[in-house]
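Peer 1: Before I ask anything, let me first share the structure, which is written out below as structure tokens.
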Amino acid sequence: MVEELITSDGTTPRRIADGYVRALAELDPLTAVYLGLNPEDDRLPDLSPVGAEAIAELARRTLAELAGVERAGAAEDEAERRCARLLRERLTAELAVHDAGENYRAVRNLASPVHNVRDVFTLMATDTEEQWAVVGRRLARVPVALEQYRETLAEGIERGLLSGPRQVTTVVGQFGEWLDDGEVPEGEAPRSGSVEGGGGRRAGWFGQFVKDAPASLHAELSAHAVAAAEALAALRDWLRDVYGPAAAGTPDTTGRERYGRYVRFWTGSDLDLDEAYAWAWSEFHDLLAQMEAEAEKVRPGAGPMEAMKWLESDGPGIEGGEATREYLQGLMDQAIRDLQGTHFDLAEPVTRVESRIAPPGSAAAPYYTAPSLDFTRPGRTWLPLLGRERFPVWDLVSTWYHEGVPGHHLQLAQWNYVADRLSTYQVSLGGVSANLEGWALYAERLMDELGYLTDPGHRLGYLNAQMMRALRVIVDIGMHAGFDFPADSPYRPGEPVSPEAAREFFGLYCGLSADFLDSELVRYLGMPGQAIGYKLGERAWLRGRAAAKAAHEARGEEFDLKAWHMAALSQGSLGLDDLVEELSAL
């Protein structure tokens with residue numbers, strides 16, 4: 001049968017998709033690190049306009065080749081059809097964003113080209129002297145990469161394609177944190193782990209990163225760290241002194257047309273924004289009622305905000321970042337022990353996950369990084385410390401069910417485990433944010449359904465996380481697409497959802513710190529359309545599960561949730577336009 005699905009030159013959609021992965025890993029070495037490919041490669045990507053266009057041209061060639069094999073009938077098999085559909089949709093969405101010139105204004109507080117350059121070092125192997133040598137050679141290339149990025153932004157100024165002022169101000173501040181900058185006062189030794197360069201400048205995060213390098217390479221890597229920090233300082237100063245004034249007056253929001261391109265990019269769907277906005281408001285009212293009931297259990301007579309403030313200041317907490325990291329590791333290990341064999345059937349490599357401390361200067365939200373395809377690098381959750389010494393646990397539990405187990409880790413690690421049955425593309429680069437975040441939010445709900453959030457504080461934390469995701473849909477669509485607060489809104493009914501109003505609204509109904517909410521607002525403005533995928537993705541997963549359960553029961557069959565979970569996690573990536581249909585058929 002397989003031979004019948006192969007064109008005369010042996011090409012199928014899955015082979016095209018995997019060829020695209022290999023080619024992109026050559027053009028973008030950071031992609032190779034993420035996937036665990038080309039371990040000896042010490043390059044950084046070309047962050048200039050030339051580099052972005054080379055990646056776009058690869059996408060165009062791949063789409064042309066895919067169209068050819070589809071015309072030849074090589075995508076009629078179900079597995080080939082699903083891969084072809086994903087590859088076509090993803091590359092088309094990516095090209096739409098590229099062709100609109102979005103790379104020329106890629107200044108944002110999360111997942112910008114510069115963030116990606118720094119983060120790649122946290123994913124590189126550093127167990128041997130040879131591996132540290134690769135780190136050193138890549139570190140030496142940081143100044144060139146940052147100059148290429150500056151060249152792209154300068155071209156954006158010329159084209160009138162600029163990021164909003166909030167992004168610029170935030171990123172300038174972030175770079176300052178990374179640098180730990182300033183001159184070393186006379187008579188004061190550099191801080192532990194820092195590297196003093198010319199004129200007393202510290203190497204900041206880069207110096208901290210290389211402090212554990214082998215003695216034989218330490219001087220060389222330290223010099224590269226200083227050069228990287230100096231290049232970052234120059235970029236920071238340029239953003240502040242040149243780009244910032246040029247960006248003054250640029251809207252922080254996108255407008256509906258530009259927002260629509262990003263919604264497709266992040267969700268794999270041309271969503272009905274009016275329907276999604278109205279649905280999010282219904283979720284808001286339902287969640288608010290649940291939170292009020294749970295707050296009464298935490299502090300009799302208290303409302304949700306008062307109860308969460310008490311949990312934050314006086315509720316159970318952990319002292320110290322390392323102790324908190326250990327607690328979160330234990331939480332994930334326990335979830336794996338409890339769920340294995342009952343609600344999931346996990347292979348041994350999938351059961352390995354690590355809790356880590358996020359690098360200084362990270363955004364406020366915890367995050368997850370997937371294992372390499374060969375599992376030599378495990379999946380990892382990352383906790384930003386943000387200068388804190390004490391960590392209340394009321395909102396950490398559901399967050400780690402989201403980031404770790406059974407959330408992001410189980411989905412992405414399982415994808416890697418079944419990559420040989422699908423294609424590398426379907427389990428990696430073809431990932432659709434709304435699918436991924438929707439599963440992780442579904443995972444939080446699953447743990448609530450299974451009785452893991454019976455502690456009133458933990459459950460209020462879960463409901464608050466759900467509320468945050470509903471608020472994201474409201475404020476993200478509202479700000480970027482120009483909606484008003486509806487008539488049944490308890491906050492400013494009939495008024496526009498401006499960034500200022502969105503931030504105030506968020507603070508009234510989400511029990512997270514002011515610094516966190518400030519960071520979140522900048523994130524939504526810098527990554528339009530991404531934040532809506534959590535709640536809308538969860539809705540798709542729940543609808544798919546309900547439809548599958550109903551279909552089994554209509555046939556007189558018992559619905560096996562464990563079997564459904566494993567089948568759902570083994571089908572690879574899908575956009576929201578296809579997810580419910582595919583889940584319903586399992």
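Peer 1: Out of (1) crowded, with 24+ Cβ neighbours inside 10 Å; (2) in contact with a Lys or Arg (Cβ under 8 Å, 6 or more places away or on another chain); (3) in contact (Cβ under 8 Å) with a residue 60 or more places away in the chain, what's the single condition that is false for residue 379?
Peer 2: Result: residue 379 fails condition (3) only.
Peer 1: Sticking with this one: Identify, from the list 453, 436, 441, the residue that is under 21 Å from residue 383 (Cβ atoms), surrounded by fewer than 24 Cβ atoms within 10 Å (Cβ to Cβ), assigned by TED's automatic domain parsing to the domain that holds residue 337 and under 16 Å from the mean Cα position of the chain (by Cα).
Peer 2: 436
Peer 1: State whether one or more residues within the stretch 548-555 are over 26 Å from the mean Cα position of the chain (by Cα), touching a residue at least 40 places away in the same chain (Cβ under 8 Å), surrounded by 14 or more Cβ atoms within 10 Å (Cβ to Cβ) and not assigned by TED's automatic domain parsing to the domain that holds residue 480.
Peer 2: No - not one qualifying residue is present in the stretch 548-555.
Peer 1: A follow-up question, please. Does residue 342 meet the test of being in a strand (DSSP E or B) and either touching a residue at least 40 places away in the same chain (Cβ under 8 Å) or among the small types (Gly, Ala, Ser) (or both)?
Peer 2: No; evaluated as a whole, the condition is false for this residue.
Peer 1: Can you name the number of the only condition in (1) under 26 Å from residue 114 (Cα atoms); (2) under 18 Å from the mean Cα position of the chain (by Cα); (3) of a type in the set (Val, Ile, Thr) that residue 353 fails?
Peer 2: Residue 353 satisfies every listed condition except (1).
Peer 1: It is to be established whether one or more residues within the stretch 477-485 are of a type in the set (D, E, K, R), assigned by TED's automatic domain parsing to the domain that holds residue 400 and farther than 29 Å from residue 388 by Cβ.
Peer 2: yes
Peer 1: Test residue 460 against the criterion of being hydrophobic (A, V, I, L, M, F, W, C), touching a residue at least 60 places away in the same chain (Cβ under 8 Å) and crowded, with 24+ Cβ neighbours inside 10 Å, and give yes or no.
Peer 2: Criteria met by residue 460.
Peer 1: Among (1) surrounded by fewer than 16 Cβ atoms within 10 Å (Cβ to Cβ); (2) under 30 Å from residue 313 (Cα atoms), there is one condition residue 494 misses while meeting the rest; what is its number?
Peer 2: Unmet for residue 494, out of (1) surrounded by fewer than 16 Cβ atoms within 10 Å (Cβ to Cβ); (2) under 30 Å from residue 313 (Cα atoms): (2).
Peer 1: Go through 483, 559, 506 for me and flag whichever is over 20 Å from residue 430 (Cβ atoms), touching a residue at least 60 places away in the same chain (Cβ under 8 Å) and among the aromatic types (Phe, Trp, Tyr).
Peer 2: 483
Peer 1: Could you grab me the full set of residues in the stretch 38-58 that are surrounded by fewer than 19 Cβ atoms within 10 Å (Cβ to Cβ) and among the hydrophobic types (A, V, I, L, M, F, W, C)?
Peer 2: Scanning the stretch 38-58 gives 50, 54, 56, 58.
Peer 1: Inside the stretch 379-405, can you point out the residues that are under 17 Å from the mean Cα position of the chain (by Cα) and farther than 16 Å from residue 443 by Cβ?
Peer 2: Across the stretch 379-405, the qualifying residues are 380, 382, 383, 384.
Peer 1: Return yes or no: is residue 239 of a type in the set (A, V, I, L, M), more than 15 Å from residue 529 (Cα to Cα), assigned to a helix (DSSP H, G or I) and not assigned by TED's automatic domain parsing to the domain that holds residue 171?
Peer 2: no
Peer 1: What are the residue pairs meeting all of these: first residue in the stretch 297-318, first residue within 16 Å of residue 393 (Cα to Cα), second residue part of a helix (DSSP H, G or I) and among the β-branched types (Val, Ile, Thr), Cβ atoms under 6 Å, and 6 or more apart or on different chains?
Peer 2: So the pair list comes out as 307/298; 318/324.
Peer 1: List, please: which pairs have Cβ atoms under 7 Å, are six or more places apart or on different chains, and start with a residue in the stretch 128-153 that is in contact (Cβ under 8 Å) with a residue 24 or more places away in the chain and end with one that is of a type in the set (Val, Ile, Thr) and buried (at least 18 other Cβ atoms within 10 Å of the Cβ)?
Peer 2: 142/117; 145/117; 146/114; 149/114; 153/107
Peer 1: Also, I was wondering about something else. I want to confirm something. Restricting to the stretch 174-218 and keeping residues that are exposed (fewer than 15 other Cβ atoms within 10 Å of the Cβ), touching a helix residue (DSSP H, G or I) at 6+ places or on another chain (Cβ under 7 Å) and not in a helix (DSSP H, G or I), which single residue is modelled with the highest pLDDT?
Peer 2: Among residues in the stretch 174-218 that are exposed (fewer than 15 other Cβ atoms within 10 Å of the Cβ), touching a helix residue (DSSP H, G or I) at 6+ places or on another chain (Cβ under 7 Å) and not in a helix (DSSP H, G or I), the one modelled with the highest pLDDT is 214.
Peer 1: Could you grab me the full set of residues in the stretch 360-391 that are assigned to a loop (DSSP other than H, G, I, E, B) and small (Gly, Ala, Ser)?
Peer 2: 361, 362, 363, 364, 365, 370, 372, 387
Peer 1: Right, residue 101: touching a residue at least 12 places away in the same chain (Cβ under 8 Å), farther than 30 Å from residue 13 by Cα and small (Gly, Ala, Ser) or not?
Peer 2: Against the criterion (touching a residue at least 12 places away in the same chain (Cβ under 8 Å), farther than 30 Å from residue 13 by Cα and small (Gly, Ala, Ser)), residue 101 does not qualify.
Residues are listed down the side, and each one gets a yes or a no for (1) of a type in the set (D, E, K, R); (2) touching a strand residue (DSSP E or B) at 6+ places or on another chain (Cβ under 8 Å); (3) on the phi < 0 side of the Ramachandran plot:
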| site | (1), (2), (3) |
| --- | --- |
| 339 | no, no, yes |
| 343 | no, no, yes |
| 355 | no, yes, yes |
| 371 | no, yes, yes |
| 377 | yes, no, yes |
| 381 | no, yes, yes |
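The values are calculated or read from the model by the stated rules, or taken from the named source; none is laboratory data. Please read these numbers as outputs of a predicted model, since none were measured by experiment. Methodologically, a virtual Cβ is constructed for each residue, glycine included, from the backbone with ideal geometry; neighbour enumeration extends over all protein chains shown.
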